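Q: One structure follows; several queries about it will come next.
The values are calculated or read from the model by the stated rules, or taken from the named source; none is laboratory data. Note that the structure is a prediction, hence the values are computed from the model and not measured. Positions of Cβ are generated from backbone atoms using ideal geometry, with glycine treated the same way; all protein chains shown enter the neighbour counts.
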Amino acid sequence: MADSPSYNANRWQRFSDWDKRPLRLDQFAVEDPENGFSAFSGAKDPKPGLAITDGKITSMDGVALKDFDMIDAFIAQHHLDLDVAEEAMAMSSGDVARMLVDMNVPRVELTRLARGMTPAKLAEVVAQLNAMEISFSYSKMRARQTPGNQAHVTNAKDDPLQLGADAAIAVALGFDEIETTMRVSRNAWSNAMACCVGSSVGRAGTLFQCSSEEAEELEIGMAGFTSYAETVSVYGTESAFIDGDDTPWSKTWLAAAYASRGIKMRCTSGAAAELLMGFHEAKSLLYLEARCLCVQRGMGSQGTQNGGIDGAPLASTMPGGVRELMAENLLAVWLDLECASGNDARHSESEIRVGAKILPFLIAGSDLICSGFGSILKYDNSFNPSSFNGEELEDFLVLQRDFEADGGLKSVEEATALSLRTQAIEALSYVFEDLELSTPDENMKRSVAVASGSDDTDSYLPRAVADISDQIKDRAITVVDVIKSLHKGGFIEEAENLLFLVKLRVSGDYLQTSAVVRDRKIISAINDPNMYQGPGTGYRLSDERREELATIRDVLDRESVLRAEAIYEPAESKRVSYHTRGPAEPGTNPAEVVIALSPGFGNTLFRTLAGHPLSRVIGELKAGIEGEGTTMRIVRCRHTADTSFLGLTAAGLSGSGVGIGLQAKGTAIIHHKERLPHNNLELFSNAPITTLEHYRGMGRNAAIYARGDMPDPIIVPTHGEALGARFHARVALTYAIETEMTQDGASPELIDVRLTEETS
């Protein structure tokens with residue numbers, strides 16, 4: 001140990017190990033309420049209170065009417081329902097907290113009460129819930145019963161071909177919404193057109209947003225390229241609002257402008273926004289977010305994306321910060337808002353922390369579990385890396401499968417993915433050419449079709465994209481022009497899918513709370529309300545959806561294991577042959593070691609878990625045994641496939657009393673006939689990391705035991721990998737194949753094994 005270059009006699013070495021973990025890249029902040037670093041208990045958080053005189057509010061949360069700031073005034077005028085306020089404010093916060101977790105209290109009763117509660121009251125209630133209770137309450141209070149998800153589709157070059165291809169993949173993965181933004185602001189119109197076309201490939205109804213400066217985003221929406229918006233930012237302090245040159249009333253006007261053009265709209269807020277801007281007022285994250293959410297309800301917003309959003313990495317540095325992110329999401333759904341529950345900004349470098357953060361929302365469900373799952377790679381995510389990105393997408397699919405929890409996504413087969421990407425690229429390329437915006441060449445298109453990210457493409461660069469974007473804007477090209485072009489070019493399905501969304505905008509159907517489009521039908525809090533009231537109620541996976549969640553890549557079954565093994569049979573038949581010589585009899589030679597093979601060894605199964613040909617394993621054992629001057633005899637057992645009983649059977653037949661049990665998967669054991677079944681001499685249980693040299697050593701040691709001496713045990717070094725999940729399914733399936741081949745009462749058979757010179 002002293003020779004280790006990292007050894008420090010004055011430090012426990014484990015701390016050096018911990019220093020190398022990704023967690024050490026995270027930063028953590030001391031709780032400091034005076035300076036805004038407090039998740040639940042700010043230094044200047046007010047106590048809940050509401051005074052009403054002659055039907056008018058005269059004070060709220062300790063602030064007199066004459067001292068109201070613009071947020072207080074807006075909440076008092078547009079959020080608080082005075083018909084329920086006195087009742088709600090008089091209730092014990094602890095009693096209301098228990099109502100949230102009581103499955104017998106209907107959701108509608110709680111949303112009614114929320115309309116009469118001040119921000120401080122709402123915050124005080126949810127602060128009493130622990131993380132499990134928040135998750136349970138969230139499952140009960142979310143607006144729409146069926147969960148969904150939202151994708152980020154961006155890239156470092158703002159390459160429209162890649163955006164189109166990646167949007168098509170996001171649609172195939174099951175995302176209900178797609179959001180893009182750009183590295184260069186001029187590229188907004190090009191990005192919007194690209195994602196608009198890509199999202200029409202394969203399925204109709206995926207809603208799309210181009211996150212840009214608010215005025216330009218509204219222009220893009222009015223041109224028909226987008227179908228929703230969520231960049232209407234709301235803050236919890238007056239100074240933060242003023243710094244953004246906004247008021248609650250101007251935000252309300254903007255929300256109405258979107259709705260009047262048939263564009264679904266929700267607001268954006270989230271813990272730590274005010275702290276990041278320097279306007280925290282020494283108040284807790286939760287209280288400030290409660291103010292934001294009351295403003296949003298007062299605005300008549302369809303919903304919110306909250307749960308930290310860009311502030312999540314800062315919120316999570318504080319004690320209880322991640323619990324606070326959950327609590328503010330609960331506030332959102334309690335106020336009857338659609339909730340895109342954050343989980344976009346990656347809050348930690350630790351994959352353990354990231355996985356832990358997503359789990360409560362996955363098992364509780366959410367209107368949209370992520371307000372931006374990076375369907376692209378981290379470096380291509382122009383919003384900054386999300387909690388989950390293209391690299392971790394399959395991890396998320398497996399989490400759905402593990403918990404049988406609907407996170408809104410499904411797998412895509414390789415051939416399907418390439419076909420969809422190609423179709424999106426061809427469709428967008430035709431539109432570009434037809435509208436005289438650009439002419440992508442074949443090399444550009446091919447490079448994008450197979451590229452994982454923009455580092456792999458030979459396509460558009462930002463300057464060329466800016467020229468395309470300027471043309472779209474300056475020539476006032478709209479989605480109608482794109483639809484006509486797609487139809488003209490023979491992309492009929494894509495044209496019809498885009499037209500379907502335009503028609504929905506005219507009807508305004510997806511302006512309902514928590515609305516998304518599934519199978520060309522609107523589902524929302526109106527026709528798909530969350531009716532959770534305990535086990536057997538609320539959202540449950542259908543058989544079809546459960547099968548979708550279970551279908552992921554590289555799933556093993558008995559047939560796939562046997563097919564994989566069969567590939568190795570021709571090569572093995574050239575290296576080894578097995579000939580049955582009749583029943584195996586007890587030996588009399590005191591210098592022999594008997595090896596007992598499992599039922600499928602060499603006839604159905606042909607390699608160990610480490611990939612060693614079984615012929616080579618026998619060759620190494622033989623070399624080890626004979627190298628010590630003893631002889632080897634081989635039998636096959638059909639009455640058992642268990643390693644211990646294979647070894648004990650071999651030992652009972654051996655003239656020396658020493659035998660080796662050998663399974664086809666490579667697990668091996670040295671046994672003695674006088675020992676109990678599981679009290680062996682040596683065991684190679686870690687077959688996936690057992691080398692051919694180890695098998696030779698096992699043969700040598702068996703021979704030494706046979707002549708009555710005690711060898712040094714063979715140790716197979718491991719760092720835990722052999723017991724990892726990567727091997728367990730194959731181990732179980734392989735063993736199941738062998739156990740199916742056993743025959744009760746079958747006697748061991750003597751086997752003549754002939755090895756070629758190459759093997760031996």
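Q: Given the criterion among the aromatic types (F, W, Y), surrounded by 13 or more Cβ atoms within 10 Å (Cβ to Cβ) and farther than 21 Å from T604 by Cβ, identify the matching residue among Y705, Y735, Y695.
A: Details: Y735 fails: farther than 21 Å from T604 by Cβ; Y695 fails: farther than 21 Å from T604 by Cβ.
Being among the aromatic types (F, W, Y), surrounded by 13 or more Cβ atoms within 10 Å (Cβ to Cβ) and farther than 21 Å from T604 by Cβ holds for just one of Y705, Y735, Y695, which is Y705.
Q: I've got another one for you. Can you name the condition, by its number, that F241 falls short on among (1) of a type outside the set (D, E); (2) assigned to a helix (DSSP H, G or I); (3) modelled with pLDDT under 95; (4) farther than 26 Å from F40 by Cβ?
A: (4)
Q: How many residues, within the stretch 200-221, are modelled with pLDDT of 95 or more, closer than 21 Å to V232 by Cβ and of a type in the set (A, V, I, L, M)?
A: Matching residues across the stretch 200-221 total 2.
Q: Can you work out which of the residues in the stretch 244-256 that are part of a loop (DSSP other than H, G, I, E, B) and in contact (Cβ under 8 Å) with a residue 12 or more places away in the chain is nearest to E216 (Cα to Cα)? Working first, answer last.
A: Residues of the stretch 244-256 part of a loop (DSSP other than H, G, I, E, B): 244-247.
Checking the rest, the ones that are also in contact (Cβ under 8 Å) with a residue 12 or more places away in the chain come to 246-247.
On the way: D246: 16, T247: 19 Å.
Residue satisfying both the conditions and the ranking: D246.
Q: Of the residues in the stretch 257-277, how many are over 14 Å from E324 (Cα atoms), in contact (Cβ under 8 Å) with a residue 12 or more places away in the chain and either surrounded by fewer than 24 Cβ atoms within 10 Å (Cβ to Cβ) or not charged (D, E, K, R) (or both)?
A: Taking the stretch 257-277 and keeping what is over 14 Å from E324 (Cα atoms), we get 257-268, 274-277.
Of the ones still in play, those that are also in contact (Cβ under 8 Å) with a residue 12 or more places away in the chain are 257-259, 261-268, 274-277.
If we keep only those that are either surrounded by fewer than 24 Cβ atoms within 10 Å (Cβ to Cβ) or not charged (D, E, K, R) (or both) as well, we get 257-259, 261-263, 265, 267-268, 275-277.
Residues flagged as over 14 Å from E324 (Cα atoms), in contact (Cβ under 8 Å) with a residue 12 or more places away in the chain and either surrounded by fewer than 24 Cβ atoms within 10 Å (Cβ to Cβ) or not charged (D, E, K, R) (or both) within the stretch 257-277 amount to 12.
Q: Right, next: Being part of a strand (DSSP E or B) and either in contact with a Pro (Cβ under 9 Å, 6 or more places away or on another chain) or not small (G, A, S) (or both) is the filter here, so list the residues in the stretch 565-583 that pass it. Working first, answer last.
A: Filtering the stretch 565-583 down to residues part of a strand (DSSP E or B) leaves 576-583.
Within the stretch 565-583, V576, Y578, H579, T580, R581, P583 qualify.
Q: Quick one: P590 ticks every box in (1) modelled with pLDDT of 95 or more; (2) under 30 Å from R726 (Cα atoms); (3) part of a loop (DSSP other than H, G, I, E, B) except a single one, so which number is it?
A: That leaves (2) as the condition not met.
Q: Now for a different question. Residues to consider are M531, M632; find the one that is among the hydrophobic types (A, V, I, L, M, F, W, C) and assigned to a strand (DSSP E or B). Let's see the steps before the verdict.
A: Details: M531 fails: assigned to a strand (DSSP E or B).
After ruling out the rest, the residue left standing is M632.
Q: Still on this model: Identify the single condition in (1) among the aliphatic types (A, V, I, L, M); (2) without any contact (Cβ under 8 Å) to a residue 40 or more places away in the chain; (3) within 21 Å of A192 (Cα to Cα) that V516 does not satisfy, given that it satisfies every other one.
A: (2)
Q: What's the number of the condition G647 fails, among (1) in contact with a strand residue (DSSP E or B) (Cβ under 7 Å, 6 or more places away or on another chain); (2) modelled with pLDDT under 95?
A: (2)
Q: Tell me the residue from S514, S469, S454 that is of a type in the set (S, T, N, Q) and at positive phi, please.
A: Testing whether each residue is of a type in the set (S, T, N, Q) and at positive phi leaves just S514.
Per-residue answers, yes or no, for (1) closer than 29 Å to A120 by Cβ; (2) crowded, with 24+ Cβ neighbours inside 10 Å:
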position: T304; (1), (2): yes, yes
position: G308; (1), (2): yes, yes
position: A332; (1), (2): yes, yes
position: E351; (1), (2): no, no
position: V354; (1), (2): no, no
position: F373; (1), (2): no, yes
position: K378; (1), (2): no, no
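Q: Taking I369, is it in contact (Cβ under 8 Å) with a residue 12 or more places away in the chain, surrounded by fewer than 24 Cβ atoms within 10 Å (Cβ to Cβ), within 14 Å of the chain's Cα centre (by Cα) and closer than 30 Å to P529 by Cβ? Steps first, please.
A: Numbers: in contact (Cβ under 8 Å) with a residue 12 or more places away in the chain: yes; surrounded by fewer than 24 Cβ atoms within 10 Å (Cβ to Cβ): no; within 14 Å of the chain's Cα centre (by Cα): yes; closer than 30 Å to P529 by Cβ: yes.
Considered against the rule, which asks whether it is in contact (Cβ under 8 Å) with a residue 12 or more places away in the chain, surrounded by fewer than 24 Cβ atoms within 10 Å (Cβ to Cβ), within 14 Å of the chain's Cα centre (by Cα) and closer than 30 Å to P529 by Cβ, I369 comes out as no.
Q: Could you identify the single residue in A88, A64, A131 that is in contact with a helix residue (DSSP H, G or I) (Cβ under 6 Å, 6 or more places away or on another chain), assigned by TED's automatic domain parsing to the domain that holds G49, hydrophobic (A, V, I, L, M, F, W, C) and surrounded by fewer than 19 Cβ atoms within 10 Å (Cβ to Cβ)?
A: Within the list A88, A64, A131, the selection yields A131.
Q: Here's something else I'd like to know. Just one of L486, L498 is assigned to a helix (DSSP H, G or I) and in contact with an Asp or Glu (Cβ under 7 Å, 6 or more places away or on another chain); which is it?
A: Numbers: L498 fails: in contact with an Asp or Glu (Cβ under 7 Å, 6 or more places away or on another chain).
Checking each option against the conditions leaves just L486.
Q: In addition: Scan the stretch 193-207 residue by residue and report those that are in contact (Cβ under 8 Å) with a residue 60 or more places away in the chain and either touching a strand residue (DSSP E or B) at 6+ places or on another chain (Cβ under 8 Å) or buried (at least 24 other Cβ atoms within 10 Å of the Cβ) (or both). First the steps, then the outcome.
A: As a first pass, look at the stretch 193-207 and keep what is in contact (Cβ under 8 Å) with a residue 60 or more places away in the chain: 193-194, 196-198, 200-207.
Within the stretch 193-207, M193, A194, C196, V197, G198, S200, V201, A204, G205, T206, L207 meet the criteria.
Q: Let me ask something else about it. Is there any pair linking a residue in the stretch 631-652 that is more than 21 Å from N701 (Cβ to Cβ) to one that is surrounded by fewer than 18 Cβ atoms within 10 Å (Cβ to Cβ) and of a type in the set (G, A, S), with Cβ under 6 Å and at least six apart or on different chains, and which?
A: What qualifies is R638/A746; H639/A746.
Q: Another question, if that's okay. Only one of these conditions is not met by R553: (1) charged (D, E, K, R); (2) in the same structural domain as G697 (by TED's automatic domain parsing); (3) touching a residue at least 60 places away in the same chain (Cβ under 8 Å). Which number is it?
A: Checking R553 against (1) charged (D, E, K, R); (2) in the same structural domain as G697 (by TED's automatic domain parsing); (3) touching a residue at least 60 places away in the same chain (Cβ under 8 Å), the one that fails is (2).
Q: Suppose we keep only residues that are farther than 22 Å from A736 by Cβ and aliphatic (A, V, I, L, M) within the stretch 544-588. Which one would you say is farthest from the chain's Cα centre (by Cα)?
A: Once the filter is applied, the top-ranked residue is A584.
Q: Applying the selection to the stretch 546-564, what residues are among the aliphatic types (A, V, I, L, M) and not in a loop (DSSP other than H, G, I, E, B)? Give the steps one after another, and end with the answer.
A: Initial filter on the stretch 546-564 (among the aliphatic types (A, V, I, L, M)): 549-550, 552, 555-556, 561-562, 564.
Correct list: L549, A550, V561, L562, A564.
Q: Got at least one residue in the stretch 671-686 being modelled with pLDDT of 95 or more, assigned by TED's automatic domain parsing to the domain that holds H612 and not in a loop (DSSP other than H, G, I, E, B)?
A: So far as the stretch 671-686 goes, yes, one or more of its residues are modelled with pLDDT of 95 or more, assigned by TED's automatic domain parsing to the domain that holds H612 and not in a loop (DSSP other than H, G, I, E, B).
Q: Scanning the stretch 69-99 for residues that are part of a loop (DSSP other than H, G, I, E, B) and in contact with a Ser or Thr (Cβ under 9 Å, 6 or more places away or on another chain), which turns out farthest from T237 (Cα to Cα)?
A: Residues of the stretch 69-99 that are part of a loop (DSSP other than H, G, I, E, B), as a first pass: 69, 80-81, 91-92.
Of the ones still in play, those that are also in contact with a Ser or Thr (Cβ under 9 Å, 6 or more places away or on another chain) are 69, 80.
Values: D69: 9, L80: 18 Å.
If we take residues in the stretch 69-99 being part of a loop (DSSP other than H, G, I, E, B) and in contact with a Ser or Thr (Cβ under 9 Å, 6 or more places away or on another chain), then L80 is farthest from T237 (Cα to Cα).
Q: Moving to a separate point now. Given the condition among the aromatic types (F, W, Y) and either buried (at least 24 other Cβ atoms within 10 Å of the Cβ) or assigned to a loop (DSSP other than H, G, I, E, B) (or both), answer yes or no: does some residue in the stretch 391-408 qualify? Walk me through it before giving the result.
A: Taking the stretch 391-408 and keeping what is among the aromatic types (F, W, Y), we get 396, 403.
Cutting the leftovers down to either buried (at least 24 other Cβ atoms within 10 Å of the Cβ) or assigned to a loop (DSSP other than H, G, I, E, B) (or both) gives us none.
No, every residue in the stretch 391-408 fails to be among the aromatic types (F, W, Y) and either buried (at least 24 other Cβ atoms within 10 Å of the Cβ) or assigned to a loop (DSSP other than H, G, I, E, B) (or both).
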